[in-house]
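The values are calculated or read from the model by the stated rules, or taken from the named source; none is laboratory data. Every value quoted in this text rests on a predicted model; they were computed, and no experiment measured them. Cβ coordinates were reconstructed from backbone atoms using ideal geometry, including for glycine residues, and neighbour counts include every protein chain displayed. What goes into the accessible areas is simple: the full protein's heavy atoms, side chains included, and nothing from ligands, DNA or RNA. Shrake-Rupley method; radii C 1.70, N 1.55, O 1.52, S 1.80 Å.
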Amino acid sequence: MKYESLCNAVIQGVGGKENVVDVSHCVTRLRFHLKDASKADTEGLKATKGVLDVIQAGGQYQVVVGPQVEGVYSDLLQIGGFEAQAALDVNEDPGLTDEKTDPFSKFLGLVSSIFQPVLGVLMAGGFIVSIMSLICVFAPDFKATTTYAVLYAIGYSVFEFFPIIVAWSAGQRFGVKPVLSMAIGAVLIYPDLVTLQAGDPTGVLFEGNALLQANVYGDVFGIPLVLLSYYTQVLPSIPIIWFASKVQKFFSGILPELIRGIFTNVFTMLISCLVGLLVVGPITTILANAVAMGIQSFLALSPILAGFVVGTFWSLLVMFGLHWGIIPLWFTEMSAVGYSTLNPLNFAGCGAIMGACIGMVLKCKDRDANTSLNIPALISSFFGVAEPALYGILIPRKKLMWTTFIAAGIGGAVAGACGAKWFTPGANGWLGLPCYIDPVNGIDMGFIGLAVGGVIATLVAIAAVFVLGTKTDAEAKKEKAAA
C-alpha cells in the first residue's frame, strides 16, 4: 500500500483501532470520532511526515493530510478494518454523546456528516449549470437548443431532486434504510402535489404576515394542508428523516418478528410523510425564510463591513472546521429567495490564499519547498481547496496569515458593496466564478465587483509575501537568537 506507514502512524496516534468509533474524510482531512480523545497523541501526529496539522473541532478529531486524502483514507480502512462512512445513531454513538462534547460541537458534527457526502455531486451539478449560464452570456441563442436543455437537465437534476439526496444522506447519519429515506424525501416533490399547489388555494393562514402567510390546499384528516415548493430545499428532509428514525426504531421494537420487516416500513413511511407534509415542511420553510430575511437584513445594515468581517474570518473558520455551521445558510437563503448574498463575501478568500501561494512560489529560492508544498498548495487553492496552504504556508507564518486574511476581507468588502450574489452552487475558487452570473440578466455589477474584489485580494497577498518574506516564524526566531 502506498500510504501504509502513514496510516499506521495515524492509527497509533489516535489511540489505536479500539479508540476509533468511526472515520470519514473530506477534501483534505481524515475525520475521526474517538471514544476518548485524551488517548490521542496530538503532538506526535503533528510531527508525523505526511500530516499537515491536527484539528479538534465539531466533535471530531481531524487529521489534515492534504489532497491525497482519498488514497490515505482507502488504505486506512483496510489497515484499520474500519467501515466506510458508517451510519451512526446520535443517541447511541459514544463519540457524539460524550458529556465533554458541547451542543455546538455536536451540531457541527451532525451538519458536516450530512453535507460532506453530497457536496461533491452538488458542486459538480452546479459547475455544469454555471458553465451553461456563461455560454449563454456570449451566445444567447444557445438557450433555445436541445443541447442546452439536455446539459442543463444533467446539471440541475441535482437541485431539482435535492430533498431526495439530502434525505439519503440524513438516512445514513440517523440509521434509516437508504431506499426508505429516499422514498420519504421524494414525497416532498411528488408531481401531483406540485400540480395541486399550482391551482387555486382553498384558504390562507396568517394572511398579511410576510413571514408566516401560507396557502392552504384542502385538508388531510381535518388538518389544513399547506403546500410549499420544496425543490432545492435543504431543511425539510433532515428533521423528517430524524423523526423517521425514531418511528422506525419504535416499531422495530414492538412489532412481532413475523411482520416486522414489512410493517415497520409501512408505518415509518406513512407517519413520517404525513408529519413531514403537515407539520415539519411548513415549519422548516418558515425557518428558512426567517434565516434568509435575517441574513439580508444583516447585510443591508452595512454590506461593506459585513463583507470585510466575513471575508477576513472565513478562512479562520475553515482552519478549525467551523465553516460547516455556515455552509447550510447559503443553501437555506438560496432556497428561500433564489440566490445567496452571504456566500460571495468569502469568495475572495481563495483568491487571497492563492495569491500567497503565488508569492511563495515566486519569492522562495528553495526548489524542494516549491515542489513539495508551494506549487501543490497553489494548484489546490485554484480549485478552492485552501487547507494545504493554510496549514503548510500560512500558519507557520502568522504575519503573512493575517495579512492574507485581511486581503480576503478587502475583497469581501468590495463584493458586498457591489451586491454580489451566488446563483448556483458549483466549483470553489476562481473555477467557480460562473456561479455568480445572474441567469436572467447576465453579467452585472455584482459579478464585476466580485471579480474585482478577488483580483485585489490576490494581488495584496502576493505583495505581502514580497514585503514580509518567506521565512517561517520558527526560522526567523532562530535567526534572531543566533544574531
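Data for the structure
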item: Gyration tensor verdict on the chain (Cα atoms; rounded if a/c is under 1.5, prolate if a/b is larger than b/c, oblate otherwise); result: oblate
item: Tilt relative to the chain, helix 4-13 - C-alpha long axis, 0 to 90 degrees, to 10; result: 80 degrees
item: Top positive-direction residue, dipole computed over the chain with Cβ charges, set GLY155, GLN12, ILE241; result: GLN12
item: Rounded accessible area per residue of the chain, 1.4 Å, Å²; result: 46 Å²
item: Loop sites in the range 402-483: trypsin sites (Lys or Arg not before Pro), DSSP, at most 16 other Cβ within 10 Å; result: LYS471
item: Directionally averaged projected area (convex hull, Cα atoms, the range 246-394), nm²; result: 13.8 nm²
item: Per-peptide average of other Cβ atoms within 10 Å, ordering 50-56, 250-256 highest first; result: 50-56, 250-256
item: Cα centroid separation, the range 99-172 to the range 286-351 (Å); result: 17 Å
item: Accessible area (Å², 1.4 Å probe, nearest 10) - MET445; result: 120 Å²
item: Of the chymotrypsin sites (Phe, Trp or Tyr not before Pro) in the range 252-355, those whose Cβ has at most 13 other Cβ within 10 Å and which sit in DSSP loop; result: PHE320
item: Simple spin-label estimate for LYS246 and MET293 in nanometres, 7 Å along Cα-Cβ; result: 2.7 nm
item: Net dipole in debye of the chain [+1 Lys, Arg Cβ; -1 Asp, Glu Cβ; about Cα centre; nearest 20]; result: 1220 debye
item: 20 °C / 1.002 mPa s Stokes-Einstein diffusion coefficient of the range 273-358, Kirkwood radius on C-alpha pairs, µm²/s; result: 149 µm²/s
item: Positive-end residue, the range 382-483 charge dipole about Cα centroid, Cβ charges, pick of PRO434, CYS418, ALA463; result: ALA463
item: Dipole in debye (nearest 20) - the range 340-483, about Cα centre, beta carbon charges: Lys, Arg +1; Asp, Glu -1; result: 540 debye
item: Cα gyration tensor shape for the range 194-304, rounded if a/c is under 1.5, else prolate or oblate; result: oblate
item: Accessible surface of the chain, 1.4 Å probe, proportion on carbon and sulfur as whole %; result: 66 percent
item: Exposure of LYS398 as accessible area (Å², to 10), given a probe of 1.4 Å and all protein chains; result: 90 Å²
item: Full-stretch length increase - LEU278, VAL121 - with 0.36 nm per residue and alpha-carbon distance subtracted; result: 53.5 nm
item: Rounded, prolate or oblate (a/c below 1.5 giving rounded, otherwise prolate when a/b exceeds b/c) for the range 114-231 by Cα gyration tensor; result: oblate
item: Dipole-positive endmost among ALA482, ALA336, PHE251 within the chain (Cβ charges, Cα centre); result: ALA482
item: Segment ARG367-ALA139, extension gain: residue separation times 0.36 nm, minus the distance between their alpha carbons; result: 77.6 nm
item: Efficiency of FRET from Cβ geometry, VAL150 and GLU83, R₀ 35 Å, rounded to 0.05; result: 0.40
item: Point-to-point label distance, ALA481-ILE262, nm (Cα→Cβ direction, 7 Å offset); result: 7.6 nm
item: Exceeding the 31 Å Cα-Cα cut-off - candidates LYS39/LYS249; LYS35/LYS478; LYS143/LYS421; result: LYS39/LYS249; LYS35/LYS478
item: Overall dimensions of the range 358-483 by Cα: Rg and Dmax, Å; result: 16.8, 63
item: Principal axes of the range 114-180: Cα extent on each, largest first, Å; result: 47, 19, 11
